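Below is a structure I'd like to ask you about.
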Amino acid sequence: MGLAINKTVDYNKKHLVWSINPEGLRFYAYLCFWVLVLIGSWLTVYHSDVKFDDNPLIHHFGYNNICILFDTYPATYILPTIWVSNFLLLVSYIITSWLRIYQKYLLSSVSKRSFILFSISSTIEFTCLCLFTTVFSISPEENLFFHIAPFTCLIFALSLLSIKNYIYYRRVANLSPNEIKLGLIYLVVHLFASIVKAISQINVLAGDIFYSTLSYITFHQFIDRIWMLTAAVIPIYLSIKFRNRVPSLVYRVQY
């Protein structure tokens, strides 16, 4: 956890200084997620009887996405345990990010309105992460709504997180003009992919009330890949990039 948590010990003065970096926690959270995906891939491809050409995802969306790696035995027996670690890291990131803003608010460096909006967003993100846990307990064969809806909640949470982070980095990380433009492009692409993906899921759950989902398989599959790139790959790079450009939480303990 060297990228996230560090300590300095002064034996003469008998005090510890803990430094907690939220971006480091985010890096480990996303790294843990990809470990979960790799293990799920191995279990699903080599040890399950899943039919990649005949399953609820194919029937309703026309293509397989990453969820298929989480839906069948033995992945359903093992992945929830790994997800607990992933969940704790993500929640730790949300909490430490909030504490960082809270401290600035106490020092009058952040407006009350900004702090309230940040707090509301953080609460929604935490709630959506809790709801997402349901995907490991309810298969699409059992109940499609309670399997897909939590994933839609996750899309919403990560959208809020991306907006929140862009605003924070723009105000604190001394972004260059090019970084501001690239950050805005990334945010727009991610939000567009998130909106399209969420609408497609809602449309399926509503019985194709808006349009025929299977008529746009190629488009939705492309959007799904873009969403995975912006939601689960690029954030790893951003965590490393900004780890030393934004403040850490520093706590001193003395005995």
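I need the fraction of alpha carbon pairs in segment 19-155 separated by more than 21 Å, rounded to a whole percent.
On the way: 4652 of 9316 pairs.
More than 21 Å apart: 50 percent of the Cα pairs in segment 19-155.
What is the ratio of the Cα radius of gyration of the chain to 2.2 N^0.38 Å, where N is its residue count, to two decimals?
Values: Rg = 20.2 Å, N = 255, 2.2 N^0.38 = 18.1 Å.
It is 1.12.
Over the Cα atoms of segment 153-215, what radius of gyration and what Dmax do you get, in Å?
That works out to 15.4, 47 Å for Rg and Dmax.
Using every Cα-Cα pair within segment 124-255, state what percent have a distance larger than 25 Å.
Counting pairs separated by more than 25 Å, the tail of P(r) holds 38 percent.
By how many degrees, 0 to 90 and rounded to 10, does the Cα axis of helix 22-47 deviate from the longest principal axis of the chain?
Approximately 30 degrees, to the nearest ten.
What nm value, rounded to one decimal, do you get for the distance between Leu38 and Ile124 when each label is placed 7 Å out toward the C-beta?
Placing both labels 7 Å beyond Cα along the Cβ direction yields 3.4 nm.
Within the chain, which is the longest segment containing none of the GluC sites (Glu not before Pro) that sit in a DSSP loop and have at most 15 other Cβ atoms within 10 Å? Can you show the working numbers first?
Numbers: sites that count: Glu141, Glu142.
Longest stretch, sites excluded: 1-140.
Starting from the 7 Å offset along Cα-to-Cβ, what nm value, one decimal, do you get for the label separation of Asp49 and Leu184?
Here the answer is 5.5 nm between the modelled labels.
Taking the chain as a Gaussian network, Cα atoms linked when under 10 Å apart, which of Gly183, Gly207, Gly62 shows the biggest mean-square fluctuation?
Result: Gly207 has the largest fluctuation of those listed.
What's the magnitude of the charge dipole for the chain around its Cα centre, counting Lys and Arg as +1 and Asp and Glu as -1 at the beta-carbon? Answer in Debye, nearest 20. Each step should come with its number before you reach the end.
Values: 19 positive and 12 negative charges, 373 e Å.
My answer is approximately 1800 debye.
While we're here: Take Asp53, Asp71 and order them by how many other Cβ atoms sit within 10 Å, fewest up front.
On the way: Asp53 6, Asp71 24.
Fewest-to-most Cβ neighbours within 10 Å comes out as Asp53, Asp71.
Here's another thing I want to ask about it. Once you put a point 7 Å from the Cα of Ser212 and another 7 Å from the Cα of Val17, both along the Cβ direction, what distance in nm separates them?
Here the answer is 6.7 nm between the modelled labels.
Further question on the same structure: Any idea what angle helix 217-228 forms with the longest principal axis of the chain, computed on alpha-carbon atoms, 0 to 90 degrees, nearest 10?
Around 20 degrees separate the two axes.
If you fit an axis through the alpha-carbon atoms of helix 177-205 and take the longest principal axis of the Cα set of the chain, what angle between them do you get, 0 to 90°, nearest 10?
40
Pairs of alpha-carbon atoms within less than 8 angstrom and 6+ residues apart define the contacts here; what relative contact order does the chain have, in percent?
Working: 284 pairs, mean separation 74.6, N = 255.
Computed value for the chain: 29 percent relative contact order.
Here, each number is a calculation from the coordinates, and none is a lab measurement. Keep in mind that what you see is a predicted model, and the values were worked out from it rather than measured. In this analysis, Cβ positions are derived from the backbone assuming ideal geometry, glycine residues included, and neighbour counts consider all displayed protein chains.
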